[in-house]
Amino acid sequence: MKLKLIAATLLLTLSMTAVSCGGDTTTEHPDTTTADTAAVTEVQPIDVPTLAQTLAASCAFSEELMANNAYLENHLYGFAVDTCVSYAAYVPAGITPEEVLVFEAKTEDDAKALQEKLTSYVDYQVAQYSDYAPGQVPKLDKPVIAVKGCTVVYVISEDNAAAAGVVKGLIG
């Protein structure tokens, strides 16, 4: 099982060497006068469901997380899902703030706005858990909220420092 996880993580890492908003192109022009020789490289968008699944399998959680995109559509994050091209959520069945959320926003500005909403959501979670499950609050001390281009990753886990390392290894 561990070998499969390592292979999946390696494959995902290799496939995501050029993470961006998708659709962007870069053109390299050689020092010749012939425009026909210009090379165009298409930057591939991130595979959001695979990244979310890999994070859910690779990070430490107190209980198993389940894929549940409807959770994003009906929860309190305060953003419109129509600002995203794709999104995926892995959430717990129990009372814990642990979760994995991955988004591909339509624009980098949408990604930054989403980052701000998620930061505010952490503050909301701290207030809520302080009242009814104070033992969960330390998990919210250093959340993983990473943005690269249009990709936004949010992870709350048993070990956020290790989760941050996993995220960095996957999206840079």
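Under 5 Å between amide hydrogens, built in the peptide plane, is the criterion, and for residue 96 it picks out nothing among residues at least 5 positions away or on other chains.
Summed over all non-identical Cα pairs, the Kirkwood treatment of the stretch 97-172 gives a radius of 12.7 Å. Using Cα pairs closer than 8 Å and at least 6 residues apart in sequence, work out the relative contact order for the stretch 67-146, in percent. The value is 25 percent. When peptides 103-110, 53-60 are ranked by their average number of other Cβ atoms within 10 Å per residue, the highest-first order is 53-60, 103-110.
Among the lysines of the stretch 50-163, pairs that are 8 or more positions apart or on different chains and have alpha carbons within less than 18 Å of each other number 5.
In order along the stretch 122-138, the Karplus-derived 3J(HN,Hα) couplings, from 6.51 cos²θ - 1.76 cosθ + 1.60 at θ = phi - 60°, round to 4, 4, 4, 4, 4, 4, 5, 5, 4, 7, 10, 8, x, x, 8, 4, x Hz, and Gly and Pro are given as x.
Between amide H atoms placed 1.01 Å from N, distances below 5 Å from residue 159 occur with 60, all of them 5 or more places distant or on a separate chain. Judged by the ratio a/c of the largest to the smallest principal axis of the C-alpha gyration tensor, the stretch 73-121 counts as prolate, that ratio being 1.5 or greater while a/b is larger than b/c.
About its Cα centre, the dipole of the stretch 46-171 is roughly 240 debye, where the only charges are +1 on Lys and Arg Cβ and -1 on Asp and Glu Cβ. Mean projection of the Cα convex hull over all viewing directions, computed for the stretch 46-171: 6.6 nm².
Throughout, read-outs are computed from the coordinates displayed, never taken from laboratory work. Remember, predicted model here, so these are calculated numbers, not experimental data. Don't worry about glycine lacking a Cβ; one is built from the backbone with ideal geometry, like all the others, and counts go over all protein chains shown.
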